[in-house]
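The values are calculated or read from the model by the stated rules, or taken from the named source; none is laboratory data. Keep in mind it's a predicted model, so treat the numbers as computed, not measured. Cβ sites come from the backbone with ideal geometry, for glycine too, and all protein chains shown count toward neighbours.
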Amino acid sequence: MDDGSEDARQSLVHRLTTRAWHDEVYRELLFNDAHAAILDELGEVPHELRNVRFRRRPVDRARVRPTPRGRRLVVRPKYGDVPLSVVKRQVFGVTELIVVFYTRRCRYQCTFCTLPSTSALSDVPLDDIDKQVDVALDRAGDLSGTRQVFLGNEGSILDARTFPREQLEHVLRRFGALPGVEEFVLETRAEFVTEELIDAILGWVLPARLSVKIGLESVDDHVRENVLRKRMDLDEFEAVVSLLGTRGVGLSSYVLVKADPHHSDEDGKRDALATCRYLTTLCRRTGTRLTLKVNSMYRAANSMWAGWAAASGWVPPSIFDLAEVLLGAAEEDVRVFAGLSEEGLATADGHYEVRSDFALWAQRALEEFNRTGDIALVRNVVARRPPP
């Protein structure tokens, strides 16, 4: 369908749904017999609406917006019974199931992140979250070889405001019943990690191990607080990592390459390596298992950070810079993972693929490294870096 036909279809759908919003009888007709409802409102069935169906969805938010012709009712549906994503992949030689739940969105407004825009503005009922588990298990298919389960919600799954405690227990026990699961990874902000909660979760997931994934992003206070606006105090973060160490819980932490819109390529590598060294030293001191997910920064469309990056002339980091940081951070007791995806959120010129030095073979090598953990693949990418 071309843009003109799509615009016409959307205009017709808006007319029908606006009437349905105000007229309960017509609403029922639209859901039960769309053909009859279209005839009743339009007198005919336009080709743009042939075979169309309308489904009931709870409302997340309804707003009235002014338009040149008057006002327009904009309704945001709620998709509470379907998770945002379900992925099964190989990581470091083991099968991992990733489930990202659709819940109330993250309350924080980090300048570089637009992931919360996919989540709800209002609470998602507990029954719907339980249905999301059913959908996830159905979509994932055969899980007999799954060894690791990652659970998140594009925010903090340990935030009771977005994921109530009783629901968290129920979900963990359901996934824990899968045969062969050896480790859970839960994504959260540091402030939601408490001694009481960690002890409870350990009881729910036993005999599996537990890791917590926290996005530190940068050890540099200016970058982390003034640029990214993470609102993450290092003293509090270190206290949480220390707690994890005492409980045998691992830390998985995001590190950004070229996180400041004013970073040069060298600045970006230097900051990322400093952050990796900080995390390595901290985890050795506290006896905490560490996995570093080193992410190539991208310019997320419509983010505040993207505007700053455009104004400063920032260009994405090279995939070879990412490989150099990975190689510099890898240690015998530290696993590293290449964050390659822009998650479908980057601007057209906001990801490493637009650079003149981008090489598809290098990306595929790092993807294979993520699957196998074979550091020789990263060494080869670094060694074959083209000259400037």
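The listed residues are Gly307, Gly268, Gly344, Gly328, and the only one of them that is outside any loop (DSSP other than H, G, I, E, B), in the same structural domain as Phe237 (by the TED database) and surrounded by fewer than 16 Cβ atoms within 10 Å (Cβ to Cβ) turns out to be Gly307.
Residue-wise test of (1) in contact with a strand residue (DSSP E or B) (Cβ under 6 Å, 6 or more places away or on another chain); (2) within 27 Å of Leu115 (Cα to Cα); (3) at pLDDT below 95; (4) of a type outside the set (Lys, Arg).
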position	(1), (2), (3), (4)
Gly307	no, yes, no, yes
Gly313	no, yes, no, yes
Leu345	yes, yes, yes, yes
His351	no, yes, no, yes
Asn370	yes, yes, no, yes
Asp374	no, no, no, yes
Leu377	no, no, no, yes
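Contact map, the range 345-360: residues that are over 17 Å from Ala310 (Cβ atoms) paired with residues that are aliphatic (A, V, I, L, M) and modelled with pLDDT of 95 or more, Cβ distance under 8 Å, separation 6+ or inter-chain. Pairs shown: Asp357/Ile319; Phe358/Ile319; Ala359/Ile319.
Of the residues Gly93, Gly80, Gly70, the single one that is surrounded by fewer than 15 Cβ atoms within 10 Å (Cβ to Cβ), modelled with pLDDT of 75 or more and of a type in the set (Gly, Ala, Ser) is Gly93. Scan the range 1-54 for residues that are aromatic (Phe, Trp, Tyr) and in a helix (DSSP H, G or I) and jot them down. Once the filter is applied, which keeps residues that are aromatic (Phe, Trp, Tyr) and in a helix (DSSP H, G or I), the range 1-54 yields Trp21, Tyr26, Phe31.
Taking the range 176-199, which residues are part of a helix (DSSP H, G or I) and either within 19 Å of the chain's Cα centre (by Cα) or in contact (Cβ under 8 Å) with a residue 60 or more places away in the chain (or both)?
The first filter runs over the range 176-199 and keeps only residues part of a helix (DSSP H, G or I), leaving 176, 190-192, 195-199.
Listed by number, the residues that qualify are Ala190, Glu191, Phe192.
Being over 22 Å from Gly93 (Cα atoms), touching a residue at least 60 places away in the same chain (Cβ under 8 Å), out of contact with any Cys (no Cβ under 9 Å at 6 or more places or on another chain) and not in a loop (DSSP other than H, G, I, E, B) narrows it down to one of Leu216, Leu243, Leu202, so name that one.
Working: Leu243 fails: touching a residue at least 60 places away in the same chain (Cβ under 8 Å); Leu202 fails: touching a residue at least 60 places away in the same chain (Cβ under 8 Å).
Residue meeting the stated conditions: Leu216.
Just one of the listed residues (Ala323, Ala310) is farther than 28 Å from Thr246 by Cβ and touching a residue at least 60 places away in the same chain (Cβ under 8 Å), namely Ala323. Assigned to a helix (DSSP H, G or I), of a type in the set (S, T, N, Q) and in contact (Cβ under 8 Å) with a residue 12 or more places away in the chain - does that describe any residue in the range 249-257? Checked the range 249-257: no residue is assigned to a helix (DSSP H, G or I), of a type in the set (S, T, N, Q) and in contact (Cβ under 8 Å) with a residue 12 or more places away in the chain.
When you check Ser156 against the structure, is it closer than 23 Å to Asp127 by Cβ, buried (at least 18 other Cβ atoms within 10 Å of the Cβ), touching a helix residue (DSSP H, G or I) at 6+ places or on another chain (Cβ under 8 Å) and of a type in the set (Ser, Thr, Tyr), yes or no? Step through it out loud before you land on a result.
Values: closer than 23 Å to Asp127 by Cβ: yes; buried (at least 18 other Cβ atoms within 10 Å of the Cβ): yes; touching a helix residue (DSSP H, G or I) at 6+ places or on another chain (Cβ under 8 Å): yes; of a type in the set (Ser, Thr, Tyr): yes.
For Ser156, the condition - closer than 23 Å to Asp127 by Cβ, buried (at least 18 other Cβ atoms within 10 Å of the Cβ), touching a helix residue (DSSP H, G or I) at 6+ places or on another chain (Cβ under 8 Å) and of a type in the set (Ser, Thr, Tyr) - is met.
Within the range 366-382, take every residue that is without any contact (Cβ under 8 Å) to a residue 24 or more places away in the chain and not in a loop (DSSP other than H, G, I, E, B) and give me the one that is farthest from Val325 (Cα to Cα). Full working, then the answer.
If we filter the range 366-382 for residues that are without any contact (Cβ under 8 Å) to a residue 24 or more places away in the chain, which is where we start, we get 368, 374, 376-377, 380.
Filter once more, so that each one left must be not in a loop (DSSP other than H, G, I, E, B): 368, 376-377, 380.
Details: Glu368: 17, Ala376: 14, Leu377: 14, Asn380: 14 Å.
So the residue we want is Glu368.
Can you tell me which residue among Glu238, Glu154, Glu166 is farther than 30 Å from Asp271 by Cα and not aliphatic (A, V, I, L, M)?
Values: Glu238 fails: farther than 30 Å from Asp271 by Cα; Glu154 fails: farther than 30 Å from Asp271 by Cα.
Result of the check over Glu238, Glu154, Glu166: Glu166.
Just one of the numbered conditions (1) over 20 Å from the mean Cα position of the chain (by Cα); (2) surrounded by fewer than 19 Cβ atoms within 10 Å (Cβ to Cβ) is not true of Lys293; which one? It fails just one condition, (1).
Scanning the range 310-320 for residues that are surrounded by fewer than 24 Cβ atoms within 10 Å (Cβ to Cβ) and on the phi < 0 side of the Ramachandran plot yields Ala310, Ala311, Ser312, Trp314, Val315, Phe320.
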